[in-house]
Every structure is written in structure tokens, then in C-alpha cells.
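One structure below.
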Amino acid sequence: MTRAELHSVENHDATTTDPTPARSMSERSEPGRGWHRTVSRGVGAAWWWAILPTLRSGLASPGWARLSTAAASALCRWRVQLIALGVLLTGLTVAVLAGTATPQNPAVLPTLGFLATVGEILAGAAAVVVAVPIVRAVYPHTIRGRVRIRYGFDGWASWWDLHRYVSAHAVRAAAVASRPSIAAAASAPGGRPDPGRIERLPAGRCGTWLGRTVVGPVVGTDCYAAHRDVIGLIAPPQTGKTALLGHHVIDHDGPVMATSTKVDIYDYCAGARAEQGPVMLFNPENLGGLGSTVWWSPVRGCADSQTAAERAGHMVGAAASGDDDGDRWDDWAAAVLCALLMAADLNDRDMATVARWVFNPTSDARTGGAAEALALLTSAPAGRVPAGAADALRQVLATDARKTRDSIFLTLQRSVKFMTDPTIAALVTASPDPARSGAVGSGSAEFDAQAFVAGRGALFVIGSDRAHAAVAPLLAAFTGHVFETAKRVAATRAKGRLDPPLGMFLDEVALITPVPLDRWLADAGGRGVHIEWAAQSPSQLAQRWGARGADTIWNATNVKLVYGGLSLDEDLEAVSRLCGHRHEPVTEPDGRERFERVRVCPPDRLRVLPQWHAVLIHRATPATIVRVRPVWTRRDLRPAPPRSVIEPSTTTPRRTDDTAPAAA
């Protein structure tokens, strides 16, 4: 894709590149206006960014929680309860007698009404006091009470910690600083950001909702992550991961790509996303009985050597393990696959031809094996094939080390194994020309990553986590195609980032879309790509990307959400250490009190977090625990929109070049 082509994409930032509007003639000529605006802006900043947060922090002070605890303890004493019971009976008696009395003198009616009101007030206040012991007895058995009591007040993030980094205020400020469109919407007529307008921006437009706090000095604070942050979810099965991801997909302000092993995320979110833009489904295996609405060829665009190298790297990397021992064969396999993809695209072949070359690694071009690709590259017109592009393929085919060649092609065969499934093969060998493709229906559409990144649509990618990762290489290449396109388009935009940002929500990333996250996360946020990944445990990251790769991913993730249910000691211990320590008072046998340094969230308590709860660890704040409201409880959910489905063919499709089936 050339730079000129990227500039031809509809740029939604064209009208917001310079958010400073020209001042009107009346503003320039009217004396005193500049002084008035300066004072107004200063007063607004003082109110929104100093006075109001201070008032809120006072209301959220932990002193109120301690005061309420002390008051509840005092009200539970038997003398207080006995007095309250007497007041309750007295108030009820007065209210009933005064309310039912029928005096002969009408002048007494106001007095009786006053007495009835006083009796009701006394009875109501006394009933509250009498109910305190009952509430205190029931509260520890509720989910909220168990969390509040078990995980305590101290050591968790304070109100100011949350306000500075993970509040609606924080993500609004980050959005104004990084997105020209948001800055323009929050600017006053003079062109400068207005504090009042900033604080009134919808928080969901500026960041990603993470949940509501349930521990610490204050509860009930909604937490958000900025779109420049990377979010990581560690969630064992059935702990509520989809309940949160659904919110993120629906609320994201911009194009969305969501991957999953189940169709739940599509069912919950497709209808709501259809109100913002087109909805596309890429479901190669037709999971849940849902056919794809778009098709995509991994070969398309591979005439460019850089694109071919990217696709080959993603496909081979997805089929490889996280062990360092396989790196040698993986590099060779990626280089060979790069040459095969380039040869196919330069000669108008499809993925079925590439699979045939991989499953037939012969050095004789007449047999139609991999040597045919080498012959096509060698005979290509000058300038179309970069120097050295075919060297890896030539060396592998010419080597006498049969074991080496077999190891390389075995890796390649795992990378293109998805072509042995006729349903998947039909989806990746389609053609824009209906006369050349019998694999798709008339309503099919080729996926256009460039238009997708520039719009506000939603792309749902569904794939199974079958053994040997049959479909993972295809989905990894497809996801990589979207990410690389986003990077190229972002380079042409204001500040070098997409506005609105692209949201990539990668559920079960280690199973179905094992893309090189350890390299992506470093600068994705700076390009306007908001990445959220989800895995079942930290050890699953190490299994896929290796120990060093998993450490890189973990360190580059700004916002971590860890659900309960982890069982490995090393996983629990690592998260518990991140939660930090607190000082807890301990009474000695002689009555003296000392403070002991203990974990804020010990491993045993981390393991038993209730469902819909997660520990939130932000890079700049102490940890806290948040509760998530399941996405299926939202009132704005809509049925999935009607789909133009690509129907799979019953047999592996053939192209006009009469290629053989992909299977060996």
C-alpha cells in the first residue's frame, strides 16, 4: 500500500486537525473580552479541577466509613436497642391514637395532626435503630458484605489515586490531549480547552469502563482506562470475562475488532454496534451456525515483499510454540512462506495453490510442487521481485539435509493446515469476480481493512480453539493485516494516530489469535490503537510467547484486571505482590499495640474473588477491586442485524489455473 493510497482514504480528522477556530471580528474589536474570558476560564478551572474534586474527596473520606462503623456498634448495644424499642412502641401508639381520634372540637384537629406526625417520625427513627443489628447480621452474608469485610479498607487505592489516573476526569484529560476531535469538542470559542466542557464529555467516548470499586476507603467509584492504555484480562473460564468485554465492544468510540472462541460476543454486541456503523462477521468455521459476511485472501497484497513477510510471520508464529528451540526452523519457515505468498500473488494464484506447494515440497517444477513457485519467482519480470526474495526457498529445496527440509516444511504445513477444511478454504479462496469463484454467495464482500480502519464499523472474528491450532494461523494473519493497516493509516493522520482510535479486543488471544503482542504493545497506544487482550492465566502467556515474551507483554500492559479462580502458586504470588502491603494493628498479650506489615491481598483471598469481581492494577495507582455489571443486563442491547452470509461450498474450490486441492 503506497503512501499516496493511504492519503486517499477518507480522513475524518480533516476538519479537526487544527482545533483552534478563527476569532470573530466582534471578539477582536470588543474591548475587555480577553480579560473576561481569562477570568472565566480561571474560575472554571478552579471549580472543576480543584474545588469540586476536593469536595468529592471529602465526601469519600475513609473517616465517614469508620464513623458509620463506630455508630453502628454503638447502636447495637442492648441499652440503646431497649430504648429504641420503647420509642418505637410509643411513637406507634401516639401516631395511631392521634390519627384515629375524632374530637368534637375542630380546633383540636391541628394538634392531633401534629402529634400523629411526631409519632410517625419517632417510630421511623426508632425502627431504623432497631433494624441496625439485623442489617449487621445479614450484611456479611451478601456478596458486597463478604468482599467489603474480607478485603478490608486499608492499602487499596484512595479516592485521589483513582481520580488522578483511572477516573472519568483522567480519561477525559487524556482524550483531549491526544485526539483532535475531542479537543475541538471541548474547546471554548477562543480555541482553548474549557474545563467545564471537558468534564461534561461522555466518559465512554474518552475511555474504557473497567468496573466500580467495592473496597478501599471509598466504594462506588467508576474506573476507566484511557484509549492509549493497554488492558490485560487474566480470567480463568466462567469468571465473567465476556461480561466486561461486551461493554467495551459496545461503548468503544471508533472501529472495533473483537475476537472470541464463542458467538456470545457477537450476539450481545452486534445489534448495538449496528447503530454506529456496519457490522461484519469473519467466522471461517461457521461456529454457532453463523456464516461469514466477509471473505479475505491471505495472498492478496503479497506482491509487496513487506506485506508477504508480515503475513508469513504471523501464520508461522501462530503455529509455533513458545519454546526458543523452534526459533531456527520458524525463521526459515517464515522466509519460505514469504516467497510462496509472493509468487502466488504475482501470478494471480490463490491460497489453495500455496497450500499445494507446501504439501508438495519437491525440487522438480514439473510436478507442480514448491519448485513451481521458485520457477515463477525466477522468471518474473525485472523489478517485480526484490533481490534475495527467493533465496530461502531456493536453499531449502536444494539442500541435501533432508531432515532440515522436512522440519521446515512440517512447520509450514501446520501453518496452512486450515486449508484442509473445505469450509475455511472456500472463505479464503474467493474472488471479487463471481465468474471465477463458486465458493461464495452473491452477497459476499471482500474485507477492506483500509476502509474499516477509517470508519466506525465493527468486525467480529470467531474461531475455535481446536487442537493443533488449525485455524489460529489464519486468524493471526487476518488480525495482523488489520493492525498493520492501522499503523500505515495512522502515519498519515494528525499526531500520527487514529482518531477515533481502533479498538482491538482479543479474547482468548493465546488460543485463536496468537499475534506478536510482545512487539505490538510497545507503541500501539501512540498510534491510536487500543488493545485489550484476555488470557486464562499468566502461565498461558508463557506457553504461547515464551517466558521472556510473556514478561514483555505483562510489563507493557498498563491496566491489569485479574479475576478469581487462579490456582498456581506462582501466578497468585505474582499478582499478590503487585497489590502491595499495608500496616495492620496487632495487640500484644500485654495489651500494647504494634503494627505488622501484611499483604493487601494475600494469595488465598485473591483465589476466592467472587464472580463479576476483579483486582484492578493500574501502572500508577495502588490496586483496588472492581465489580462488573454483566453486559447482558444492559437495556440498550439490540438483536443482531440481518447478515449477508457467505455460504460454504461443499467441495474445495478450484481456480481457473486448475490447481489441485490443498490437502496432500
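Residues are listed down the side, and each one gets a yes or a no for (1) under 30 Å from R56 (Cα atoms); (2) out of contact with any Lys or Arg (no Cβ under 8 Å at 6 or more places or on another chain):
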{"residue": "V215", "(1), (2)": "yes, no"}
{"residue": "G240", "(1), (2)": "no, yes"}
{"residue": "Y266", "(1), (2)": "no, yes"}
{"residue": "C269", "(1), (2)": "no, yes"}
{"residue": "V279", "(1), (2)": "no, no"}
{"residue": "G288", "(1), (2)": "no, no"}
{"residue": "P298", "(1), (2)": "no, no"}
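For A494, the criteria (1) farther than 22 Å from A226 by Cα; (2) modelled with pLDDT under 95 hold in every case but one, which is (1).
Among the residues making up segment 373-410, those that are charged (D, E, K, R) and under 22 Å from Q306 (Cα atoms) are R384, D391, R394. Tell me, yes or no, whether segment 225-238 has at least one residue that is closer than 21 Å to S167 by Cα, in contact (Cβ under 8 Å) with a residue 12 or more places away in the chain and over 12 Å from the mean Cα position of the chain (by Cα). Within segment 225-238, none of the residues are closer than 21 Å to S167 by Cα, in contact (Cβ under 8 Å) with a residue 12 or more places away in the chain and over 12 Å from the mean Cα position of the chain (by Cα). Where helices (runs of 4 or more DSSP H) fall entirely within segment 201-286, those with at least 2 residues that are among the β-branched types (V, I, T) and touching a strand residue (DSSP E or B) at 6+ places or on another chain (Cβ under 9 Å) are at 241-251. Taking segment 396-415 as the search range and keeping residues that are surrounded by fewer than 21 Cβ atoms within 10 Å (Cβ to Cβ) and polar (S, T, N, Q), which one is farthest from A470 (Cα to Cα)? The selected residue is T399. There is no residue in segment 85-92 that is closer than 30 Å to A614 by Cα and loosely packed, with under 12 Cβ neighbours inside 10 Å. Being assigned to a loop (DSSP other than H, G, I, E, B) and buried (at least 21 other Cβ atoms within 10 Å of the Cβ) is a property that does not hold for L561. Of all residues in segment 163-199, those that are assigned to a loop (DSSP other than H, G, I, E, B) and without any contact (Cβ under 8 Å) to a residue 60 or more places away in the chain total 2. Condition check: closer than 30 Å to R164 by Cβ and among the aromatic types (F, W, Y). Does W64 satisfy that? Yes: the conditions hold for W64.
Just one of the listed residues (A116, A107, A95, A127) is at pLDDT 90 or above, in a helix (DSSP H, G or I) and at negative phi, namely A127. For segment 584-664, the strands (runs of 3 or more DSSP E) that sit wholly inside it and include 3 or more residues that are modelled with pLDDT of 95 or more are 613-618, 624-627. So for segment 423-433 (the condition being at pLDDT 95 or above and not hydroxyl-bearing (S, T, Y)), does at least one residue qualify? No, because not a single residue in segment 423-433 is at pLDDT 95 or above and not hydroxyl-bearing (S, T, Y).
The values are calculated or read from the model by the stated rules, or taken from the named source; none is laboratory data. Remember, it's a predicted structure, so these values are computed and weren't measured experimentally. So basically every Cβ, Gly included, is an ideal-geometry build from the backbone, and we count neighbours across all protein chains shown.
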